[in-house]
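Contents: one structure, followed by commentary.
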Amino acid sequence: MYSTLVYLVFSQLAVGGLLSLLAVPIEAGKRFFRFCALACLVFLALALWAGPYPVLTPATDGSTVSQLPRWLLVAGAVFAFGYLLAVVAERIKPQKPLLAAAGAAGAAGLVSDGLLACEACSPVAAGALTAASYLISALFLGSIIFAMILGHWYLVVPTLHIRPLRILTQLMLGATLAKAMLTALTIYVFWADGDMQVRETLRSFWGPGGLFLWVRVLFGLLGPLIVGIMVWQTVKIHSTQSATGLLYVATIFVLIGECVSAYIHYTTGIPV
């Protein structure tokens, strides 16, 4: 179980980080992009090492299709490594294409993983909802945590323009809202179209079994949304230190929420 949780959280964090970096203007500086690219590579390595289907291990069902997500994540890591080399060598031209390729390969890996994980799940839309959950969780994790890193960068480079932090804050708020709406839609679809066992699981959420769901909602959705609004207010007045402190709080909230979300998904099959 723990290896699966590590795989889900770190793969989504790495891919979300790569996608979030695409929204950051180049004026954030070489050291910022170098640090973030290296962090994404480490996260991808941890995810692939801990994954339930490691790349170097044959698929248990003898199928190469079940290995597709892992190979796509490996491709994302290769492109991310190329991007890191381009940043270190200060080769501006290939940086965005390599970063875009890394993010696209990683996103494709998460989407295919979600679809393959729920091929025989009830309801029929479970695969699509799981794939969407993986991708939006990636943006959710990446935007908040890398916005926190960028906020800290204003302590390193005080003259850095506020625009990069403003862009990541907007992405953070958008991802938080998207995640909240997808969670509500998922619960509705699983209740309306799921089988009896799925409905019994959802009914259990109203009792003691719902503790994890409410922790997920309070810490993983409501908390980041409130803090995100506060961050936006501080960014508008160019108070980067206050924004950074709030982003530390948001980071704690989102890590708790996404870890609990991964646990719920692993134990119930419902991607909330």
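The values are calculated or read from the model by the stated rules, or taken from the named source; none is laboratory data. Model, not experiment: these values are computed from the prediction. A quick note on method: Cβ atoms are made from the backbone with ideal geometry, for glycine too, and the neighbour counts reach across all protein chains shown. All accessible areas refer to the heavy atoms of the entire protein, side chains included, with ligands and DNA or RNA removed. Shrake-Rupley method; radii C 1.70, N 1.55, O 1.52, S 1.80 Å.
Which of the residues that make up region 185-239 are hydroxyl-bearing (S, T, Y) and at pLDDT 90 or above? Listed by number, the residues that qualify are T186, Y188, T234, S239.
What do you reckon, is G174 open to solvent by 20 Å² or more (accessible area, probe 1.4 Å), more than 25 Å from F10 (Cα to Cα) and small (G, A, S)? No: the conditions fail for G174. Checked against (1) over 20 Å from L41 (Cβ atoms); (2) part of a helix (DSSP H, G or I); (3) open to solvent by less than 20 Å² (accessible area, probe 1.4 Å), P123 meets all criteria but (2). Can you confirm whether region 70-77 contains a residue that is of a type outside the set (A, V, I, L, M, F, W, C) and either modelled with pLDDT of 90 or more or open to solvent by 60 Å² or more (accessible area, probe 1.4 Å) (or both)? Within region 70-77, one or more residues are of a type outside the set (A, V, I, L, M, F, W, C) and either modelled with pLDDT of 90 or more or open to solvent by 60 Å² or more (accessible area, probe 1.4 Å) (or both). May I ask you to list the residues in region 171-191 that are more than 16 Å from L222 (Cα to Cα) and either among the aromatic types (F, W, Y) or without any contact (Cβ under 8 Å) to a residue 12 or more places away in the chain (or both)? Of everything in region 171-191, those that are more than 16 Å from L222 (Cα to Cα) and either among the aromatic types (F, W, Y) or without any contact (Cβ under 8 Å) to a residue 12 or more places away in the chain (or both) turn out to be Y188, F190, W191.
So which residues in region 209-264 are hydroxyl-bearing (S, T, Y) and open to solvent by 80 Å² or more (accessible area, probe 1.4 Å)?
Residue satisfying the conditions is Y248 alone.
Consider region 198-208 and keep the residues that are without any contact (Cβ under 8 Å) to a residue 24 or more places away in the chain and either surrounded by 14 or more Cβ atoms within 10 Å (Cβ to Cβ) or part of a helix (DSSP H, G or I) (or both). The one that is nearest to the chain's Cα centre (by Cα) is F205. Note on region 2-51: among residues that are open to solvent by less than 60 Å² (accessible area, probe 1.4 Å) and outside any helix (DSSP H, G or I), the one that is farthest from V254 (Cα to Cα) is G29.
One line per residue, one yes/no per condition, for (1) crowded, with 24+ Cβ neighbours inside 10 Å; (2) at positive phi; (3) of a type outside the set (S, T, N, Q):
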| site | (1), (2), (3) |
| --- | --- |
| Q67 | no, no, no |
| R91 | no, no, yes |
| L110 | yes, no, yes |
| G127 | no, no, yes |
| Y134 | yes, no, yes |
| L141 | yes, no, yes |
| L155 | no, no, yes |
| I162 | no, no, yes |
